[in-house]
Amino acid sequence: MHGWMDHLEDLGPGVVGIRRHGRMVTDAAVVAHDVDALLRGDRRAPEQLVNAACMPGAVGRVWAMADHHFGYGLPIGGVLATDHDAGEQGGAISPGAVGFDINCGVRMLALDLMAEDLPDPQRLARRLGGRLPAGTSGGGGVEVPPQALQEVLNEGAQAAADLGLGFVDDVGHLESRGRLDGDPSLVSERAIARGATSLGTLGSGNHFAELQRVEHVLDEDAARSWGLHEGQLVAMIHSGSRGLGHQVCTDHVRYLERQYVEQDGGWWNEAHGWWIPDRQLAATPRHHPDGEAYVGAMGAAANFAFANRAVLAQRLLDGLNAHLGSSVEATTVYDVAHNIAKDEEHLVDGRRCTCCVHRKGATRAFPHSHPELAARYQVTGQPVLVPGDMGNGSWLLAGPRTGMSEAFGSSCHGAGRTLSRHAARELVDVPALKARLASSGIHLKHGSDRSLGEEAPEAYKPVDDVVQATVSAGLATPVARLAPKIVLKG
């Protein structure tokens, strides 16, 4: 089961390699301090990484970021790139390697207010809890008529702004300008119905909205360029495409999985002549009609997520302004996806490759001077938003200054779980957790105690360790550490 342990190699600071073996078509790499650190973790995730390295058309290395953990098909924190020119219709695209919450991501706002000047934060936490609906249901979202919802699925964040629902100060401050090429006609009626009432909602689980204090700045030039300084109040919002994106993934996972039958210890697709080791990675060629159908629906769901975070940002600002009795100036530091597949140009083994890059629980981290970045990121590199747990803080990083990383310009996306939700519920004393957060000056608004226990700090890796490994691997550079002040959870 764990034959990969016989094929480990040291690839330099912060990176452990898994050499190609068995039916792998390429190598794999894990961001970890050393081999011992990797082996102390959940060994199911590297096994999933090896499975992904068997995917048709896989190129470069298949990566697991420092926050990786076991997931559906591809480990969360996984990065898989496949060559558009592989085979007759391109390499694989796999919905399971993107994830169910399409374009789950993070938006960060810089606020023209010092954290110490925020009055009555507990009252503000209650106010924001009423304005930013959280939980498993899609209720509480803004009412969006069918035609407006189609505009959102087509145009993303800008559509939310044009409809007067969302905050967008500059689309250049959003990954891909807050819009992917999508085709709403490929989104099922069930998915549309699930999205009709959920625009502007956080969701449950690890989704959140926080007001944070810029605790410590490590890169003064980048922070200044992005409008940040120590002691400042900032906002971070973590949410995605809600039930709409989940349904899009479900539709395509079910459809593609039915095309595979068990064979030779794995799964065989007769139409494409493909064998894969895990049916959860069910895939289709990128340029096959099934691949184009998924990409079109995924793009529309991603646009919903960009719009959702824009609406959440507007709702948060409205609540903050009502609390203050005046308008606070806000600018978007960045908005980045971490469950997405994107067509990108990369240098792989010395040649230019048009790749389909799957990032599942991994954040894009493009270097300075990359043509896709807006002008203010051309000198600093792309902002990389890394939320930690609600008790210890988060990080703001920047893309590397040494050029595109071998991980297809990717970085960690958070702290990464060490405990399952069930294990966390069994372990965590929720009343003691609440008291601990309160004594740390963290003002909490949450739904059920059950869900709060699942998201306790002890359920996650120390975010500082994750960031240290990421920086050691050369995937990003540190800009600032952020401390939680107000936390809204589902």
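Residues in the range 155-170 that are surrounded by fewer than 17 Cβ atoms within 10 Å (Cβ to Cβ) and in contact (Cβ under 8 Å) with a residue 24 or more places away in the chain: 2 in all.
Residues that are crowded, with 24+ Cβ neighbours inside 10 Å and either part of a strand (DSSP E or B) or in contact with a strand residue (DSSP E or B) (Cβ under 6 Å, 6 or more places away or on another chain) (or both) within the range 70-89 comprise LEU74, PRO75, ILE76, GLY77, GLY78, VAL79, LEU80, ALA81, THR82, listed in sequence order.
If you scan the range 3-54, which residues turn out to be under 14 Å from PRO277 (Cα atoms) and assigned to a loop (DSSP other than H, G, I, E, B)? Residues satisfying the conditions are HIS21, GLY22, ARG23, MET24, VAL25, ALA53, CYS54.
Here the range 188-216 is the region considered, the condition is being part of a loop (DSSP other than H, G, I, E, B) and not polar (S, T, N, Q), and the residue that is nearest to ARG481 (Cα to Cα) is HIS207.
On the stretch given as the range 449-467, residues that are over 19 Å from the mean Cα position of the chain (by Cα) and either without any contact (Cβ under 8 Å) to a residue 60 or more places away in the chain or over 23 Å from ARG126 (Cα atoms) (or both) total 5. If you filter the range 173-184 down to residues that are part of a helix (DSSP H, G or I) and either free of Cβ contacts under 8 Å to residues at least 60 places away in the same chain or within 19 Å of the chain's Cα centre (by Cα) (or both), you find that the one that is surrounded by the most Cβ atoms within 10 Å (Cβ to Cβ) is GLY178. Screening the range 155-169 for residues that are part of a helix (DSSP H, G or I) and in contact with a Gly (Cβ under 7 Å, 6 or more places away or on another chain) and picking the one that is farthest from SER198 (Cα to Cα) gives GLN158.
If you filter the range 404-458 down to residues that are polar (S, T, N, Q) and out of contact with any helix residue (DSSP H, G or I) (no Cβ under 7 Å at 6 or more places or on another chain), you find that the one that is surrounded by the most Cβ atoms within 10 Å (Cβ to Cβ) is SER410.
Listed residues GLY325, GLY350; which is over 21 Å from the mean Cα position of the chain (by Cα) and under 21 Å from LEU233 (Cβ atoms)? GLY325 is the lone residue from the list that is over 21 Å from the mean Cα position of the chain (by Cα) and under 21 Å from LEU233 (Cβ atoms).
Scanning the range 253-279 for residues that are farther than 25 Å from GLY296 by Cα, free of Cβ contacts under 8 Å to residues at least 12 places away in the same chain and in a loop (DSSP other than H, G, I, E, B) yields a single hit, ASP264.
Scanning the range 362-390 for residues that are surrounded by fewer than 18 Cβ atoms within 10 Å (Cβ to Cβ) and either closer than 28 Å to ALA438 by Cα or hydroxyl-bearing (Ser, Thr, Tyr) (or both) returns a single hit, SER369.
For the range 324-342, the count of residues that are of a type in the set (Lys, Arg) and more than 30 Å from ASP83 (Cβ to Cβ) is zero.
One line per residue, one yes/no per condition, for (1) closer than 22 Å to LEU316 by Cα; (2) not polar (S, T, N, Q):
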| site | (1), (2) |
| --- | --- |
| MET390 | yes, yes |
| SER394 | yes, no |
| PRO400 | no, yes |
| GLY409 | no, yes |
| GLY416 | no, yes |
| ASP449 | no, yes |
| GLU455 | yes, yes |
| SER472 | no, no |
| VAL487 | yes, yes |
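Just give me the residues in the range 230-252 being more than 18 Å from ASP183 (Cβ to Cβ) and part of a loop (DSSP other than H, G, I, E, B), in sequence order. Answer for the range 230-252, where residues must be more than 18 Å from ASP183 (Cβ to Cβ) and part of a loop (DSSP other than H, G, I, E, B): GLU230, GLY231, GLY240.
Scanning the range 437-460 for residues that are closer than 11 Å to MET390 by Cα and not small (Gly, Ala, Ser) gives LEU437, ILE442, HIS443, LEU444, LEU452, GLU455, PRO457, GLU458, TYR460.
Looking only at the range 209-229, filter to residues that are surrounded by 20 or more Cβ atoms within 10 Å (Cβ to Cβ) and charged (D, E, K, R); which one of those is nearest to ASP183 (Cα to Cα)? The selected residue is GLU210.
Consider only pairs whose beta carbons are under 9 Å apart and that are at least six residues apart or on different chains; among these, list those whose first residue lies in the range 429-447 and is assigned to a loop (DSSP other than H, G, I, E, B) and whose second residue is of a type in the set (Val, Ile, Thr) and modelled with pLDDT of 95 or more. Every condition considered, the pairs that remain are ILE442/ILE486; ILE442/VAL487; HIS446/VAL487.
Considering only residues in the range 298-346 that are free of Cβ contacts under 8 Å to residues at least 24 places away in the same chain and of a type outside the set (S, T, N, Q), the one that is surrounded by the most Cβ atoms within 10 Å (Cβ to Cβ) turns out to be GLU345. Selection of the range 72-95 for residues being at pLDDT below 95 and within 18 Å of SER410 (Cα to Cα) yields an empty set.
Listed by first and then second residue, the pairs with beta-carbon distance under 9 Å, at least 6 apart or on different chains, first residue in the range 224-237 and farther than 20 Å from GLY414 by Cβ and free of Cβ contacts under 8 Å to residues at least 12 places away in the same chain, second β-branched (Val, Ile, Thr) and in a strand (DSSP E or B), are ARG224/VAL217.
The values are calculated or read from the model by the stated rules, or taken from the named source; none is laboratory data. Predicted model only: the values in this text are computed from it and were never measured. Every residue, glycine as well, gets a Cβ built from its backbone with ideal geometry; the counts of neighbours run over all protein chains shown.
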